[in-house]
Amino acid sequence: MIYVSSLDHYRELVEKSPALLSYFSTPDCRVCTVLKPKVLELTARKFPEMKVLWIDIERSPVIAGQNSIFTAPTLLVYFEGNENLRKSRNISISELEEEIGRVYELLFRK
């Protein structure tokens, strides 16, 4: 997981990464604390080519604002620089796996 705190760095990673998941959270969010290791385990196990970014909304409000993030946790999934999936609050790991998997398989399992 890559910690990102600058908008320029964030945009560069989104543009240059074929597959990227952005994890927006806050330090006080209990759901975020529980969900984060599950997301990391899922991406490591099922989507090894996917970069995972972590953005602290409180420390990086510009990145959150530019991406219209209003709640934590929020996940944004990008493929080839385009936002493909947005999930907030109550996030099912099995649904996340299925939704990412559709595009990921097409991109990486040719």
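Identify all residues within region 7-27 that are farther than 23 Å from Leu106 by Cα and either part of a helix (DSSP H, G or I) or modelled with pLDDT under 95 (or both); write none if there are none.
Leu7, Asp8, His9, Tyr10, Arg11, Glu12, Pro27
With Leu35, Leu21 as the choices, which residue is under 14 Å from Val4 (Cα atoms) and either surrounded by 21 or more Cβ atoms within 10 Å (Cβ to Cβ) or in contact with a Pro (Cβ under 9 Å, 6 or more places away or on another chain) (or both)?
Criteria check complete, one pass: Leu21.
Please state which of the following conditions Asp8 fails to meet, knowing it meets all the rest: (1) exposed (fewer than 13 other Cβ atoms within 10 Å of the Cβ); (2) in contact with a Ser or Thr (Cβ under 6 Å, 6 or more places away or on another chain).
In the conditions (1) exposed (fewer than 13 other Cβ atoms within 10 Å of the Cβ); (2) in contact with a Ser or Thr (Cβ under 6 Å, 6 or more places away or on another chain), Asp8 misses (2) alone.
When region 80-110 is examined, which residues are found to be of a type in the set (S, T, N, Q) and within 23 Å of Ile57 (Cβ to Cβ)?
Our first condition is that a residue be of a type in the set (S, T, N, Q); within region 80-110, this holds for 82, 84, 88, 90, 92, 94.
Asn82, Asn84, Ser88, Asn90, Ser92, listed by residue number.
What's the total number of residues in region 4-44 that are charged (D, E, K, R) and in contact with a helix residue (DSSP H, G or I) (Cβ under 9 Å, 6 or more places away or on another chain)?
Qualifying residue count, region 4-44: 3.
May I ask you to list pairs of residues, at least six apart or on different chains, whose Cβ atoms are under 6 Å apart, with the first in region 67-79 being closer than 11 Å to Ile57 by Cα and the second being among the hydroxyl-bearing types (Ser, Thr, Tyr) and at pLDDT 95 or above?
Between residues of region 67-79 that are closer than 11 Å to Ile57 by Cα and residues that are among the hydroxyl-bearing types (Ser, Thr, Tyr) and at pLDDT 95 or above, the close pairs are Thr71/Ser88; Ala72/Ser25; Ala72/Thr26; Pro73/Ser25; Thr74/Ser88.
Looking at Val14, Val31, which is the one that is among the β-branched types (Val, Ile, Thr) and over 12 Å from the mean Cα position of the chain (by Cα)?
Unique residue meeting the criteria: Val31.
Mind checking which residues of region 56-78 are over 9 Å from the mean Cα position of the chain (by Cα) and either under 16 Å from Ile2 (Cα atoms) or of a type in the set (A, V, I, L, M, F, W, C) (or both)? Outline the logic, then answer.
Taking region 56-78 as the starting set, the residues that turn out to be over 9 Å from the mean Cα position of the chain (by Cα) are 56-73.
Listed by number, the residues that qualify are Asp56, Ile57, Arg59, Ser60, Val62, Ile63, Ala64, Ile69, Phe70, Ala72.
Quick one: how many residues across region 50-92 are in contact with a strand residue (DSSP E or B) (Cβ under 7 Å, 6 or more places away or on another chain), more than 15 Å from Val14 (Cβ to Cβ) and part of a loop (DSSP other than H, G, I, E, B)?
5
Look at region 17-32 and say how many of its residues are touching a residue at least 40 places away in the same chain (Cβ under 8 Å) and either farther than 21 Å from Lys46 by Cα or aliphatic (A, V, I, L, M) (or both). First the steps, then the outcome.
First, the residues of region 17-32 that are touching a residue at least 40 places away in the same chain (Cβ under 8 Å): 17-26, 29, 31-32.
Still in the running and either farther than 21 Å from Lys46 by Cα or aliphatic (A, V, I, L, M) (or both): 19-21, 25-26, 29, 31.
Of the residues in region 17-32, 7 are touching a residue at least 40 places away in the same chain (Cβ under 8 Å) and either farther than 21 Å from Lys46 by Cα or aliphatic (A, V, I, L, M) (or both).
The values are calculated or read from the model by the stated rules, or taken from the named source; none is laboratory data. Every value quoted in this text rests on a predicted model; they were computed, and no experiment measured them. Every residue, glycine as well, gets a Cβ built from its backbone with ideal geometry; the counts of neighbours run over all protein chains shown.
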